[in-house]
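Engineer: Quick one: this structure, given as structure tokens, is what I'll be asking you about.
A short reminder: the numbers here are calculations on the coordinates, not readings from a lab. Note that the coordinates shown come from a computational prediction; the quantities given were computed from them, not determined experimentally. Methodologically, a virtual Cβ is constructed for each residue, glycine included, from the backbone with ideal geometry; neighbour enumeration extends over all protein chains shown.
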Amino acid sequence: MEAKNNIESVARSSFEETKIDDGFLILMYKNDGATVERIAKAIDSTFIQFHFCVKGTTTFVFNEGRYTLDIHEENSLLLYNRQRELPINLEVNPNSWIVSVLISIKKFHGLFSQEADYISFLNSENKDKKYYKDGVISPSMAIVLNQLLNFSLNTSIKSLYFKGKAYELLSLYFNRSEDANVEQCPFLVDEANVIKIRKAKDIIVARMAEPPSLQELADEIGLNIKKLKEGFKQIYGDSVFSFLLDYKLEVARKLLASGENNVNEVGLKVGYSTSSHFIAAFKKKYGTTPKKYVMSLN
């Protein structure tokens, strides 16, 4: 049975539904107002739900209000329960944005059918069990989500564009290093090393404008460079400085969107000594210049 298309909103809300394919939808909710907005959509039990809170906080209401679950900014939530329907009942707080990807289990399984053991809830043991998972939106996922929310291309290519971005988003959600399995990777068995790698991530994020060199970072966390590079790639799926570049540019995009700083100021805040270097990096990542990005928001 297909997802039903009834949308209810107690208050005025910005809602957009885009059909990607049969059994495959993207829903986008924006509440830029000052009051909580309530949105409901009937979803049958054949659908897997991926929810991404890009901004603010949204509350999921279950069992007619008997149970609630908050999803905060830059966090995700996966919901799947073959045994019962999970209709979407949202309370979208002021200044909050959320993107939801709904895909039928049949279509989703077709994407990973040869890798069912790779996606834990698709294997034969778990396929009929309920599945709830929260997580953090990675910088690369945040880029895709904001590209969807800020779509400004010709409407004639919207369906194609959204389809590509939906598949990209799911790929990033499930992306992990082939060696990141704890059973296969001795590095991840060592909890002390994992803590050190997470500390390394916190250090480069906190000091993104003037990050330490790899050697300095390795010395600070107490690992050699080889283990730092290998461990970071295993845990975060990217090299140290590629991860940092994505993070810096996502921070820059948010600063530009806030309108509180000009292009030069934003570039300096995230560590670019010249605006030309910042503009070039931003354009390479997002396909547009910082100035044109700001104009597209207005």
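Engineer: Beyond 23 Å, what share of the Cα-Cα pairs of the range 12-105 is found? Please give it as a whole percent.
Structural biologist: Numbers: 789 of 4371 pairs.
Within the range 12-105, distances greater than 23 Å cover 18 percent of Cα pairs.
Engineer: Please express the shape of the range 188-233 as an equivalent ellipsoid: the semi-axes are the square roots of 5 times the eigenvalues of the C-alpha gyration tensor, given largest first in whole angstrom. Display every interim value, and only then the final one.
Structural biologist: Details: eigenvalues 61, 24, 13 Å².
Ellipsoid half-lengths, sorted descending, are 18, 11, 8 Å.
Engineer: Give me a comma-separated list of calculated 3J(HN,Hα) values for the range 75-87, in order, Karplus coefficients 6.51, -1.76, 1.60 applied at θ = phi - 60°, integers in Hz, x for any Gly or Pro.
Structural biologist: Per residue, the Karplus-derived 3J(HN,Hα) values read 10, 10, 9, 10, 10, 7, 8, 5, 7, 8, 6, 10, x Hz.
Engineer: If you keep only loop residues by DSSP, which GluC sites (Glu not before Pro) in the range 222-298 have at most 12 other Cβ atoms within 10 Å of their Cβ? Present the calculation step by step, with values, prior to reporting the outcome.
Structural biologist: On the way: sites: Glu230, Glu250, Glu260, Glu265; in loops: Glu260.
Within the range 222-298, the qualifying GluC sites (Glu not before Pro) (loop, at most 12 other Cβ atoms within 10 Å) are Glu260.
Engineer: Something else now. Starting from the exponent 0.38 and prefactor 2.2 Å, build the expected Rg for the range 196-264 from its residue count and divide its actual Cα Rg by it. Intermediate results must be reported in sequence, preceding the final value.
Structural biologist: Working: Rg = 13.5 Å, N = 69, 2.2 N^0.38 = 11.0 Å.
Against the compact-globule rule of thumb, the ratio is 1.23.
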